[in-house]
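Just below is one structure, and these are the notes that go with it.
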Amino acid sequence: MIQATGTVGENDLHAFVDGLLDEGRRAEVEAWLQTNPQDAERVASWSSQNERIREVFARDFVSRGSDAEMLRRNRQSLGSRFTRPAIAAAAALLIFAAGFGSGRLTMATTAPPSGAATASLAQEARSAFLVYTSEVRHPVEVAADQQDHLAAWLGKRLDYRLRLPDLSALGYSLVGGRLLPVGGQPGALLMYQNAGGQRLTIIVGRNAEHRETSFRLDTDGPVRTFYWIDGTIGYAVTGEIPADELRAVADECYRQMEEA
Amino acid sequence: MPHGPDDGAAAASFEEALLALVPGLRRYSRSLTRTDADGEDLLQDCVEAALARRAQWRGANLRSWAFTIMTNLFRNRYRAMMRRPTAAIEEAEQVALADDDGDPLERTRIRAALEALTPDYRTTLMLVVVEGYSYQETADMMRVPIGTVMSRLSRARHQLASRLAQDNIVPLRRSK
């Protein structure tokens, strides 16, 4: 698809506009555009198109109160694929239910009609991992180049002196972070990435129930989460990497965040 | 560990992850369809299909998997729709539904231009531009060679540009 250095083809112009070129190639295309006004004009036109389209549909990226209900309704229509006893057992396994607060995500699928549904820290961590690490353009709200601001901002929302772990010894560098709800309260997501583009996330959230746990591992397919609770703060490290590698990351986070 | 509870927990976390993907799926469905109602319909069909096909999910990337399901549903639905007479009155409804978020005229203009694209061109453009997928990922999701993605993208952009140029109105940039 990408042509040899020196020439820039239409595919390069598309990839340039869509932010899909690596830095080196990007610079080459930029240089090309300086001397090829017709291509520069196309690029400007397509970029403006992209922005206008994104802006039009941005407002549709919303969750609605009825979404959980929609899932429940649809799964009921599937009949007895998932039986009640299995669901009850699943609910019993959600050990962080009690700790992780009131206003959390309502999971209608496991909820008895009147009862509160639960989403464990590990599940929230996994959902956040799946959603945000697959974002190409906007994986984080605040990027790593504003580390101090990121730590101060998220720390303030969490009411906790947040230290951003340095995972460079393990080959991971900080991509950035964002604010997200954890157990219905403001929480922090930090994202890291290694040279191969493999991403992992760290979630830090408030735990209403004061207690401590050891490290626990939660596995769902290739996605693993190590999580632990330390007093009023819960931590979860999630990645699509082998358990021993993830454990090393969790150990490192624990060590560094304890020092904070 | 006993088999049952494990299945239940997996089902619960799957649905949790799917629920988290709903906003993105909603945006994608809306970017493909003509009206808000059609968008919600497509979204519901997609959620239903994803739940029904949970066993087929190989645990890799749930987002791509769900987006692929919607892509296929849209393609099938569009084919079915072509066999029914369509009402041309819907543009008016869209103006009436205009919201306080953004310029309603701009929305109508972009939407009308997108309506003129063939479904495959539109899908390609939306996966790349709005959803941020790479060309290879888009090719995988649409089950076409990457060259086809590039040519669709190119034609979509050219058609859109000439369509928008006909409007001859420079959109004001909304301040954020």
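The values are calculated or read from the model by the stated rules, or taken from the named source; none is laboratory data. Keep in mind the model is a prediction, meaning the values are calculated, not measured. Here the Cβ positions follow ideal geometry from the backbone for every residue, glycine too, while neighbour counts run over all protein chains shown. When the accessible area is computed, the model is the full protein with side chains, heavy atoms only, and any ligands, DNA or RNA have been set aside. Shrake-Rupley method; radii C 1.70, N 1.55, O 1.52, S 1.80 Å.
The table below lists the values:
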quantity: Accessible area (Å², 1.4 Å probe, nearest 10) - residue A:170; calculated: 70 Å²
quantity: Stokes-Einstein translational diffusion, the stretch B:121-165 - Kirkwood Rh over all Cα pairs, 0.890 mPa s, 25 °C, in µm²/s; calculated: 236 µm²/s
quantity: Stokes-Einstein D in µm²/s, Kirkwood radius over Cα pairs - the stretch A:129-178 at 37 °C with 0.692 mPa s viscosity; calculated: 280 µm²/s
quantity: Under 5 Å, built H, 5+ apart or other chain: amide partners of residue A:9; calculated: A:3
quantity: Those chymotrypsin sites (Phe, Trp or Tyr not before Pro) in the stretch A:180-230 that DSSP places in a loop and that have at most 16 other beta carbons within 10 Å; calculated: A:215
quantity: Taking all pairs of distinct alpha-carbon atoms in the stretch A:19-77, Kirkwood radius in angstrom; calculated: 15.2 Å
quantity: Size descriptor, Kirkwood hydrodynamic radius, that averages inverse alpha-carbon separations across the stretch A:121-259, Å; calculated: 14.6 Å
quantity: Interface size A-B, as summed buried accessible area [1.4 Å probe, Å², nearest 100]; calculated: 5600 Å²
quantity: 5 angstrom amide H check on residue A:187, placed H, neighbours 5+ away; calculated: A:180, A:182
quantity: Accessible area of residue B:150 in the full protein assembly, 1.4 Å probe (Å², nearest 10); calculated: 10 Å²
